[in-house]
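What follows is a short report on a single structure.
No lab work stands behind these numbers, since they all come straight from the coordinates. Since the model is a prediction, treat every value here as computed from it, not as a measurement. Cβ coordinates were reconstructed from backbone atoms using ideal geometry, including for glycine residues, and neighbour counts include every protein chain displayed.
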Amino acid sequence: MNDDPTADLLRGRLVRLSASSPEDISRLFVGWIHNSEYWRLMSNGPPFPWTQEGVRKHIEKEAEKEDLRNVFFAVRTLQEDRIIGEIGLDGISYARGESYVGVGIGEAEYWGKGYGTDAMNVILRYAFTELNLHRVSLTVFEYNPRAIRSYEKCGFRMEGRAREAFQREGRRWDMLHLGVLREEWQAHHA
Amino acid sequence: MRDSTELTGDLLRGKHIHLTAQDMEQAAQPYFDWAQDAEYQRLVEDGPPVPLSLKGTRQSNEEGWPEDDPCNVMFLVRANEDDRIIGFVNLDYISWTHGDSYMGIGIGDKTCWGKGYGREAMELLLRYAFTELNLHRLSLTVFAYNERAIHMYEKCGFKIEGVSRDYHYRDGRRWDLVSMGILRGEWMELNGYAVP
């Protein structure tokens, strides 16, 4: 935890969270989803040949809202200042003090090296100490053990399992539900 | 075992209620009336009740449930005896590739509570989802304090699959959100269909 309110809230050990232009993020995103492995770890929709123009329009439309119900950041490495992924809180409810979170490291060469975990730790600090939420939720596919380990390292606990929630490669898979409460996160980072 | 040579008759009509299109000309007034009932609102909505005018009620439903959206199906629940609107039941976020959908139900007309009308609407929606849309599973979420609903969902065949701890804050304390699901095979077995 940070005791200093003037410290850089959006900076972690390996990455920082920043804004990015719709132009940059749409170009990168279209590159990342050319890797269907990335897509099928991140989305349960079928891979779709998005154009950069289509993605850019979608991002611009979302950005117009600025209602703090959805907060999306680009994930940048501290070392090279390179955008390697994205992370966001979506469906924030201030009345309930709750939000979903989603993260994707699109640059495959950065997988398995702690960048996603670091980005998640930064956004949890933002969610719990700046937005003052009480809990953060996420869902993850049962065939993504690397992500599950990362989330558990950040303090998430397994809360449920939607049986046979989706179908890929000819069989059905469970969707796992994880959540972390503010006091658990505080204890985890004490 | 059901006779496989026959269809099930009117798919959307039960003994006491039937399901119809969401005609907002007629539904805006009952929706507006139910919204004045905080007990009902706090059983069906996780957001705080917001005072909407009759016009606002109508607009928000028309925008929230566009008729040309292939991933949402909204039915009004009407009493067979006088055709009056007593509630709604819906499928939302249908995933056609994975055969999964969320569902929701609300019986806003309190004179109909405790008579099995909600259960009947559920049974019709489940049959529609599993035998007409051919979905593989249905999901729902329910507030932990709504024990009556949880009991009813279990009677329909839903199983508790997870609990989001401390999900929302009401009346000065935090409450869990319960996630439930039912698979087509489970539903078919419960309802006397041959399970492939």
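Please work out if B:LEU43 is in contact with a helix residue (DSSP H, G or I) (Cβ under 8 Å, 6 or more places away or on another chain), surrounded by 14 or more Cβ atoms within 10 Å (Cβ to Cβ), assigned to a loop (DSSP other than H, G, I, E, B) and away from chain A (no Cβ under 14 Å). Taking the combined requirement at face value, the residue does not satisfy it.
If you filter segment B:53-94 down to residues that are over 23 Å from B:LEU138 (Cα atoms) and of a type in the set (Gly, Ala, Ser), you find that the one that is surrounded by the fewest Cβ atoms within 10 Å (Cβ to Cβ) is B:SER53.
From the list B:MET74, B:MET103, the one residue that fits, being more than 14 Å from chain A (Cβ to nearest Cβ), within 30 Å of A:PHE166 (Cβ to Cβ) and assigned to a strand (DSSP E or B), is B:MET74. Scanning segment B:142-173 for residues that are of a type in the set (Ser, Thr, Tyr) and facing chain A (nearest Cβ under 10 Å) yields a total of 3. Listed by first and then second residue, the pairs with beta-carbon distance under 8 Å, at least 6 apart or on different chains, first residue in segment A:168-181 and more than 8 Å from chain B (Cβ to nearest Cβ), second of a type in the set (A, V, I, L, M, F, W, C) and outside any strand (DSSP E or B), are A:LEU176/A:ILE148; A:LEU178/A:ILE148; A:LEU178/A:PHE156; A:VAL180/A:LEU124; A:VAL180/A:CYS154; A:VAL180/A:PHE156. Checked against the criteria, B:LEU138 counts as within 14 Å of chain A (Cβ to nearest Cβ), buried (at least 19 other Cβ atoms within 10 Å of the Cβ) and under 12 Å from the mean Cα position of the chain (by Cα). Considering only segment A:153-167, how many residues are touching a residue at least 24 places away in the same chain (Cβ under 8 Å) and not small (Gly, Ala, Ser)? Count: 5. Consider segment A:147-167 and keep the residues that are of a type in the set (Asp, Glu) and within 21 Å of the chain's Cα centre (by Cα). The one that is nearest to the other protein chains (Cβ to nearest Cβ) is A:GLU159.
Can you confirm whether B:GLY114 is assigned to a loop (DSSP other than H, G, I, E, B) and either surrounded by 15 or more Cβ atoms within 10 Å (Cβ to Cβ) or among the small types (Gly, Ala, Ser) (or both)? Yes: the conditions hold for B:GLY114.
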